[in-house]
Amino acid sequence: MQRFKPLFITAFILLHAAAAIAQWDAPLSQYWAAKTYYNPAFAGETAKGRASAFYRYEWSGIENAPKKIIVTADMPLSFLNRKHGVGMVSATENLGDLRNAMLAVQYAYTHKTSAGEWNIGVRAGVYDLKYDAGSIRLLADTIAGNGKPALEANTAAEKIFDLHAGISYTGRRFFAGLSVMHLNRPAFYASPDSLSSAGVTGDSARAVIPRTFNLMAGYNIILPNPLYELQPMVWVLAGLDETQVQATLRAVYKKKFSAGASWRSRNGYAFFAGAVIKDIEMGYAYEWHTAGIGRESQGSHEIGIRYRFDVNAKEQRPAQKSIRIL
């Protein structure tokens, strides 16, 4: 593991120096529970299969505020005496009456070492676009306070292919992953019309979903009282326009109850809590925005649920504290 540390340190510096994400990859507050959405290399990382669903109501109080649903599922499997991971991702996002939808499959190859597991993953899918999520903006006449804040975006009408790739490491108490989202920079035509437009017009211009780099890492700290654990995590999401850094501290009690807070640069703060009932984990997060469009809103709300199920994989990883709860 020691010889690989420079890789992650270098990646962190590069990502932090890079210029941030557009609305295409706006981060979930409970990102650690949806790692496969951002990095396909995490598919099948645990001994159990996982299925999760997240509903995010972003920037409440603003007309046409985005509403996003993300569904993921992944599981380990074994063939040719090797461990592999497979999974799927589905996402829809509404902006007023417009809706973008994405469906993708993913695969990860695992290489075991004495200290942990290295994984390389790829994801391929299709976007059905009705608007350009990178063009979301406040309507000019609402910025001046002439009514309830409202959003608009350029419209689109296209289906495009999308490709992601990533690498990850999972140890007893530490995990880290680096991925490139929208590796092929999918291109499409978008119209400068508002949400009231029927579709793409002759004034359409070529647009792309920007390539996004994402680095995620976390560590599990066992306190003197083993009933309590602390999980510091960091997430860097970088695109062409700016970089967002999110630092999180999550506390876990009896591996059943959790709570914590996050700080995100150029955005604000998130507060979250969750509980585990048998194999079902539920969580809620509230995000308070101090910058950007969200500053005009009443905050963002997010609900998540995750289910773990047994699979008949020939090779099962021994129970590990950090993986079981992350």
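The values are calculated or read from the model by the stated rules, or taken from the named source; none is laboratory data. Source: prediction; values computed, not measured. Here the Cβ is made from the backbone with ideal geometry for all residues, glycine too, and neighbour counts use every protein chain on show.
Identify all residues within the range 180-213 that are assigned to a loop (DSSP other than H, G, I, E, B), out of contact with any Gly (no Cβ under 6 Å at 6 or more places or on another chain) and at pLDDT below 90; write none if there are none.
The answer is 192, 193, 194, 196, 197, 198, 199, 200, 201, 202, 203, 204.
Got a number for residues in the range 98-113 being surrounded by fewer than 17 Cβ atoms within 10 Å (Cβ to Cβ) and in contact with a Phe, Trp or Tyr (Cβ under 7 Å, 6 or more places away or on another chain)?
1
Within the range 39-54, track down each residue that is surrounded by fewer than 24 Cβ atoms within 10 Å (Cβ to Cβ) and either hydrophobic (A, V, I, L, M, F, W, C) or outside any strand (DSSP E or B) (or both).
Correct list: 46, 47, 48, 51, 53.
Being of a type in the set (Gly, Ala, Ser) and on the phi > 0 side of the Ramachandran plot: is that true of residue 85 here?
For residue 85, the condition - of a type in the set (Gly, Ala, Ser) and on the phi > 0 side of the Ramachandran plot - is not met.
Consider residue 114 against the criteria (1) part of a strand (DSSP E or B); (2) closer than 27 Å to residue 310 by Cβ: it satisfies all of them except one. Which criterion is unmet?
Answer for residue 114: the failing condition is (1).
Kindly check whether there is at least one residue in the range 80-91 that is farther than 30 Å from residue 66 by Cα, among the aliphatic types (A, V, I, L, M) and outside any strand (DSSP E or B).
Yes, that holds for at least one residue.
Are any residues in the range 78-95 over 13 Å from residue 46 (Cα atoms), touching a Pro at 6+ places or on another chain (Cβ under 8 Å) and either surrounded by fewer than 22 Cβ atoms within 10 Å (Cβ to Cβ) or basic (Lys, Arg) (or both), and if so, which ones?
Residue satisfying the conditions is 94 alone.
Any residue that is under 20 Å from residue 167 (Cα atoms) and either crowded, with 19+ Cβ neighbours inside 10 Å or at pLDDT below 95 (or both) - is there at least one of those in the range 222-233?
yes
So which residues in the range 235-267 are touching a Leu at 6+ places or on another chain (Cβ under 8 Å), of a type in the set (A, V, I, L, M, F, W, C) and surrounded by fewer than 19 Cβ atoms within 10 Å (Cβ to Cβ)?
Answer for the range 235-267, where residues must be touching a Leu at 6+ places or on another chain (Cβ under 8 Å), of a type in the set (A, V, I, L, M, F, W, C) and surrounded by fewer than 19 Cβ atoms within 10 Å (Cβ to Cβ): 249, 251, 261.
Residues 28, 14: which one is modelled with pLDDT under 85 and either aliphatic (A, V, I, L, M) or in a helix (DSSP H, G or I) (or both)?
After ruling out the rest, the residue left standing is 14.
Check the range 281-293 and report whether any residue there is small (Gly, Ala, Ser), loosely packed, with under 14 Cβ neighbours inside 10 Å, modelled with pLDDT of 90 or more and closer than 25 Å to residue 62 by Cα.
yes
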